[in-house]
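Only the coordinates and a few stated rules stand behind these numbers; no lab work does. Just so you know, these numbers come straight off a predicted model, no measurement behind them. Cβ atoms come from the backbone with ideal geometry, glycine included; neighbour counts cover every protein chain shown.
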Amino acid sequence: MIKLLGDQLKLDSVFELTLQPEQMEGYRTLIIGIGGSVKGLGEAGIDTNDEIERTNNIIAEARKQGMLVVAMHTGGHPRRGDLADPFIHATAPQADFLVVRNDGNRDGLFTQIAEEYNIPVVYIEQTMEVRTILAEMFGIE
């Protein structure tokens, strides 16, 4: 969904389900969609620990290259729970900026992380609002 909204703005971007650190050269911003899918993990042939390790490696490479790291949780409450929460705990504290759908923050987890790690956060009501945030981030009218 994030990629689709970026495409509507004609952002020069690349979407990669299983991005590897060696694929990151030349970019200035890393946007990570935080969530979890049994189907997605299964199709990729990885488990939660593998995915968290890959994500940590990607963020480390982004830091090495001086990229802005933006983490977005746009799936809301339906995309929270035992599968997604480990990814949230692993990724959100490492972000420079968070975008979170309000119903995905019912328990205040993202608010707590943002406050504890001093991370700016924008809360949205609907996933479609990401389009406006992307436009503002990248200076698109």
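Observations, loosely collected:
- Looking at segment 57-141, the trypsin sites (Lys or Arg not before Pro) that sit in a DSSP loop and have at most 11 other Cβ atoms within 10 Å of their own Cβ are Arg106.
- Cα centroid separation, segment 1-27 to segment 75-141 (Å): 18
- Net charge contributed by nearby residues that have their C-beta within less than 10 Å of Ile88 (K/R +1, D/E -1): +1
- Taking label points 7 Å from Cα along the Cα-to-Cβ direction, Arg28 and Val122 give a separation of 1.6 nm.
- Dipole magnitude of the chain, debye to nearest 20 (Cβ charges: Lys/Arg +1, Asp/Glu -1, about Cα centre): 200
- Taking amide hydrogens as placed 1.01 Å from N in the peptide plane, the amide H of Val122 sits under 5 Å from those of Leu98, Val99, Val100, each at least 5 positions away in sequence or on another chain.
- Within-14-Å neighbourhood charge of Leu9 [Cβ basis; K, R +1; D, E -1]: -2
- Helical content of the chain, expressed as a calculated mean residue ellipticity at 222 nm, amounts to -11000 deg cm²/dmol (DSSP H runs of 4 or more residues, -39,500 (n - 2.57) each, divided by residue number, nearest 500).
- Only one of (1) 1.08; (2) 0.99; (3) 1.25 was calculated from the structure for Cα Rg over 2.2 N^0.38 Å, and its label is (2).
- Net charge of Cβ neighbours under 14 Å - reference Gly104; Lys, Arg +1; Asp, Glu -1: -1
- Just checking the listed ones, Leu83, Leu30, Leu17: in the Gaussian network model of the chain with Cα springs under 10 Å, the one fluctuating most is Leu17.
- Contact order, relative form, for the chain: 26 percent (alpha carbon pairs under 8 Å, 6 or more residues apart, mean separation divided by residue count).
- Computed label-point distance, nm, for sites Thr48 and Asp85 using a 7 Å Cα→Cβ extension: 0.9
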